[in-house]
Amino acid sequence: MKILVVDDEADVRALFEQRFRREIRAGEFSFTFAYSGEEALEFLQAHASEVVLILSDINMPGMSGLELLRRIRQQYSAPPPSPPQVMMITAYGDTESRQQALQLGANDFLTKPVDFAALREKLTTIGIHEN
């Protein structure tokens, strides 16, 4: 399963690669990283059919994760390719951000620090549904 992680913090890449090293080695998950909403949209234009899931931070400089989510849902709403699932990640677990993300079409909402055991379980469930 190809996963696009969008977060302006550079250390996120090392964290995901460490936490999911077994799944990456086994070929279960493949991660790509974008450090802004703009970079994520550029990647999606070239690789939309490959990305199954997007994990996006909400608070980023430039384009916010919520704006990215809105654009993804506008541009990739109908097959082909089938639209990617989008999980929003934020340090602010406030109700307003959650409601806004869900209204814009987020499939799930996670708070930082990310519970990697729970995330692994969610990713495994998505992988089962993907096949």
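Read the figures in this text as sums done on the coordinates, not as results from a lab. Just so it is clear, the structure is predicted and the values come from calculations on it, not from any experiment. All Cβ positions, glycine included, derive from the backbone under ideal geometry; neighbour counts span all protein chains shown.
When peptides 7-13, 52-58 are ranked by their average number of other Cβ atoms within 10 Å per residue, the highest-first order is 52-58, 7-13.
For the chain, the mean residue ellipticity at 222 nm estimated from helices alone is -13500 deg cm²/dmol, where every DSSP H run of n ≥ 4 contributes -39500 (n - 2.57) and the total is divided by all residues, rounded to the nearest 500.
Suppose R0 equals 25 Å; then what is the FRET efficiency for D8 and L102 from their Cβ-Cβ distance, rounded to the nearest 0.05?
E(calc), rounded to 0.05, equals 0.65.
For V114 and H47, a Förster radius of 22 Å and the Cβ-Cβ distance give a FRET efficiency of 0.40, rounded to the nearest 0.05.
Reducing segment 30-89 and segment 1-26 to their Cα centroids gives an inter-centroid distance of 15 Å. What the Cβ-Cβ distance of T95 and E38 gives, at R0 = 25 Å and to the nearest 0.05, is a FRET efficiency of 0.35. Using Cβ point charges alone (K and R +1, D and E -1), the dipole size of segment 2-130 about the Cα centre works out to roughly 340 debye.
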